[in-house]
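Okay, so here's the structure we're looking at.
No value in this document is a laboratory result; all are computed from the given coordinates. These numbers come from a predicted model, not from an experiment. We place every Cβ from the backbone using ideal geometry, glycine too, and count neighbours over all the protein chains shown.
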Amino acid sequence: MSSPSHTPPRTGQLKPKTDWSSVVLAPVHFIMGLADRPLRLLQKRAGIGGMAAFFLAPNMLIFGVFVLLPIIINLIYSMTGGSALFLSERSFVGTDQYAKLFDCKSYLDPMSCQEDAFWTAVGNTFWFVVLQVTLLILFSLITALILNRELMARSFWRAVFFFPVLLSPVVVGLIWKWILQRQGLLNFALYPMGFEPYTWLSDRTFAFAAAVGVSIWAHMGFYTLILLAGLQAIPKDLYEAAEMDGTKPARIFWRITLPLLMPNLLVVVVLALIRAVQVFDEVFVLTGGGPGTSTLFLTQYIYETGFVSQPRNAGLAAAASILMGLVLVVLTLVQLGIGRKNENKGKR
Amino acid sequence: MGSITLTNIQKSYGAVHVLHDINLAINEGEFIVFVGPSGCGKSTLLRVIAGLEKVTGGELSINGERVNDVSAADRGLAMVFQSYALYPHMTVRQNLAFGLENAGMPKAEITQRIGEAARMLEIEQYMDRRPGQLSGGQRQRVAIGRAIVRRPTAFLLDEPLSNLDAELRVSTRAEIAALHARLRSTMIYVTHDQVEAMTLANRIVVMRAGRIEQVGTPLDLYNQPANRFVAGFIGAPHMNFIEGALESSNGTHMLRTAQGDVLHLPQSVAPGAPITVGLRPQHISLSNDQSGFAAQVQLVEALGSETVIHASAFGTKLLAIVPGQRRISTGDTIYLSYANAPLHLFDQSGLRIATVQTEDGHSPTFV
Ligand SMILES: Nc1ncnc2c1ncn2[C@@H]1O[C@H](COP(=O)(O)OP(=O)(O)OP(=O)(O)O)[C@@H](O)[C@H]1O
Ligand SMILES: [Mg+2]
């Protein structure tokens with residue numbers, strides 16, 4: 001079946017058209033044909049289940065080397081001390097690094113902790129996650145609702161909102177830095193209106209708000225797209241039925257749209273949470289964690305502890321990242337749980 | 001309460017004209033059925049009446065009041081959708097209550113109306129289930145129930161039975177007829193199934209390509225179709241059509257087909273004109289002697305109570321339905337007769353000129 005087959009030209013007459021697809025596919029068929037025999041032999045030996053393992057093996061190998069192994073090494077690092085780079089030169093300290101991270105007089109006051117930067121980062125990250133995810137979901141939902149309407153140049157607006165998602169986080173950070181810095185676009189625009197140039201990013205509150213705002217701007221398109229897909233999956237006739245019943249728009253939203261969008265919304269919330277906890281690149285480029293520690297987030301703390309500070313403290317960084325990993329595992333499990341629940345609902 | 005008048009209704013989507021000059025007066029309490037082939041504009045017309053689509057011309061009035069600019073909710077109509085459009089996340093009870101709560105109706109009255117509808121439709125045991133946990137037939141009842149509780153001026157139903165299996169369709173059809181008899185409200189019902197139309201309607205509206213072809217009682221349409229389209233659409237299986245030209249000589253009148261076959265007519269209508277004769281399959285009988293016209297059998301469908309014969313004669317395919325079981329097989333030559341049958345004569349444009357009744361002994365001669 002897979003052998004290359006060329007239909008011979010009909011007797012006497014030239015076929016006006018060459019069947020290009022068979023010409024193009026011929027080498028593909030040839031190569032596939034080469035693999036045929038050894039695979040057949042293999043399947044005879046290994047059975048169907050064995051074949052599955054055979055095809056999965058390359059992927060598992062990559063996953064193992066680049067994901068699983070680093071996690072294990074990270075765990076080992078988190079139980080070692082010193083500033084040496086190689087594990088063999090590091091001393092085993094058990095749970096000392098964790099104890100150090102948790103050494104606090106009061107968990108509500110980062111300054112009472114031995115690793116005050118860690119707790120500052122945890123606090124900042126917490127507030128960042130709460131604010132960013134809430135606003136992100138709210139804006140995405142509103143945008144999706146608007147884009148779901150009969151709108152002039154709807155595809156254009158969809159593209160506009162999705163565009164920032166395509167930018168590299170570093171580019172996002174730079175764009176906004178150029179806008180917000182002292183000699184930036186914002187001050188340039190405000191100056192003619194009589195405002196003195198302001199160092200926006202040196203203002204603690206504004207810098208934090210900018211971190212939240214910029215990361216919302218950068219990621220909103222993605223969530224809007226998912227929510228839009230969810231909105232479009234709601235059958236139109238439900239809205240017509242509601243219209244016939246004289247349902248008010250607010251009631252349509254709360255009683256029909258929102259409940260039917262809930263599966264998508266939950267997925268989006270958890271995805272956004274997972275990404276917000278990991279916030280780093282665009283904010284780091286924008287504020288560098290400052291002014292002071294006002295936009296220092298967990299990932300930056302880990303990065304600086306492990307790679308920037310002198311002496312480097314890989315053990316402490318590893319312990320912090322294990323803790324952060326635990327939070328992410330919990331969130332991922334929640335997401336998987338939601339996915340499974342939706343699947344079951346679909347089956348009913 | 002419940003009369004609906006359509007005057008010169010037009011509907012177009014941009015350059016696409018879907019409805020052309022629809023004029024129709026629907027009386028209070030009437031069961032009106034819109035039929036027509038797919039894409040002819042039945043649903044669009046229903047949605048225009050419902051207020052889900054705005055007309056682009058003409059006037060629509062309900063109970064004598066112009067409602068062109070009245071919102072769907074304020075027209076007092078209830079719609080049953082082909083897909084049922086039940087809210088999937090609400091229970092049956094919540095689905096029924098939803099529209100009433102919108103109107104701010106007191107709880108006690110809502111409960112009472114829902115209970116009444118549930119009893120009428122025998123869905124009481126499913127009240128706390130969600131639509132996803134119901135069968136198609138049960139969902140269909142809930143959809144009707146949601147319309148009933150609103151006590152609308154008129155019910156609009158868009159192919160409500162098309163998602164049911166054949167058996168359930170027949171029984172639900174009867175229930176809808178009973179419901180109409182009981183509620184006595186105006187019902188407008190869209191279907192492309194002409195049997196549904198014939199069994200349910202007080203009057204049928206036959207549509208084609210956005211125009212009304214004919215309005216009348218089921219038997220009117222069956223016995224006096226206005227044109228060839230209606231004649232072909234109403235009645236199952238559809239009418240046979242034989243084309244030819246009228247000839248008269250020595251007081252006998254006949255239709256001569258292109259092949260030279262001749263079909264005798266009891267009277268002439270427009271001599272010399274090319275016309276079409278329509279003959280229902282049920283009006284063709286087998287003749288025992290060879291007095292009928294000869295036909296070649298192409299296919300025989302034995303249904304037990306009757307036999308459907310696909311034959312060729314007069315240069316065309318001919319369908320005949322004869323009662324009982326017959327020993328006929330493919331390839332046979334049989335003799336058929338149209339004695340005592342109504343023949344519908346259509347002119348070249350398809351309009352019916354006359355319907356003539358043949359008598360005994362009018363059999364064609366072969367020239
Ligand atoms: N929004 C629209 N824009 C353009 N054309 C439309 C629109 N809605 C319907 N039409 C056209 O209007 C015509 C009538 O559609 P309609 O749905 O009323 O047909 P119908 O008689 O209900 O057919 P069916 O039996 O298949 O349901 C169709 O040709 C359809 O393509
Ligand atoms: Mg339709």
When A:D116, A:D237 are arranged by how many other beta-carbons sit within 10 Å of their Cβ, fewest first, they go A:D116, A:D237
Taking alpha-carbon centroids only, the stretch A:46-73 lies from the stretch B:292-356 a number of Å equal to 72 Å
Quick calc of log₁₀ I(q)/I(0), the stretch A:233-291, Debye, one scatterer on every Cα, no solvent, q values 0.15, 0.22 1/Å, result -0.62, -0.86
By the C-alpha gyration tensor axes a ≥ b ≥ c (rounded if a/c is under 1.5, else prolate when a/b exceeds b/c, else oblate), the shape of the stretch B:187-299 is prolate
In cubic angstrom per residue, the convex hull of the stretch B:4-232 built on its Cα atoms measures 127 Å³
Taking A:215-227, B:229-241 and ranking on average Cβ neighbours within 10 Å, highest first, one gets A:215-227, B:229-241
Treating only Lys and Arg (+1) and Asp and Glu (-1) as charged, each at its beta carbon, one finds that the protein assembly as shown has a dipole about its Cα centre, in Debye to the nearest 20, of 1240 debye
Fewest-first ordering of B:K107, B:K42, B:K11 by Cβ atoms within 10 Å yields B:K107, B:K11, B:K42
Percent antiparallel among DSSP beta bridges confined to the protein assembly as shown, rounded to 5, stands at 80 percent
In whole percents, the bins of 5 Å from zero upward hold the Cα-Cα pairs of the stretch B:142-248 as 2, 10, 20, 20, 17, 14, 8, 4, 2, 2, 1, 1, 0
Measuring from its Cα centre, the stretch B:226-363 shows a charge dipole (+1 at each Lys and Arg Cβ, -1 at each Asp and Glu Cβ) which, in debye to the nearest 20, is 240 debye
Any aspartates and glutamates whose Cα falls less than 20 Å from that of A:K44, other than same-chain ones fewer than 8 residues away, would be A:D36
Compactness check, the stretch B:240-366: C-alpha Rg relative to the 2.2 N^0.38 Å globular estimate gives 1.03
Scoring chain A by relative contact order with C-alpha pairs under 8 Å, at least six apart, yields a percentage of 22 percent
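Based on DSSP H assignment, which helices of chain A show an axial Cα extent of at least 24 Å together with a mean Kyte-Doolittle hydropathy greater than or equal to 1.6?
A:116-147, A:258-277
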With T = 37 °C, eta = 0.692 mPa s and Kirkwood Rh from C-alpha pairs, the Stokes-Einstein D of the protein assembly as shown in µm²/s is about 97 µm²/s
Mean 1/r over distinct Cα pairs of chain A, inverted to a Kirkwood Rh in Å, yields 25.5 Å
Looking only at aspartates and glutamates whose Cα falls under 18 Å of A:K100's and that sit 8 or more positions away or on another chain, we get A:D109, A:E115, A:D116, A:E304
Inter-part gap, Cα centre of the stretch B:103-147 to Cα centre of the stretch A:275-348, in whole angstrom, is 50 Å
Given the candidates A:A46, A:L336, A:G315, the one whose Cα lies deepest towards the positive end of the charge dipole of chain A, counting +1 at each Lys or Arg C-beta and -1 at each Asp or Glu C-beta, is A:A46
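Just list whichever of A:K236/B:K54; A:K236/A:K341; A:K248/B:K54; A:K236/B:K11; A:K105/A:K177 have alpha carbons separated by over 27 Å in the model shown.
Over 27 Å apart, Cα to Cα: A:K105/A:K177.
Taking only C-alpha pairs under 8 Å that are 6+ residues apart, what is the relative contact order of chain B in percent?
So the answer I get is 15 percent.
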In the protein assembly as shown the cysteines whose Cβ sits 4.7 Å or more from every other Cys Cβ are B:C40
Log10 I(q)/I(0) at q = 0.15, 0.17, 0.21 Å⁻¹ for the stretch A:106-232, from Debye over equal alpha-carbon scatterers, is -0.88, -1.01, -1.16
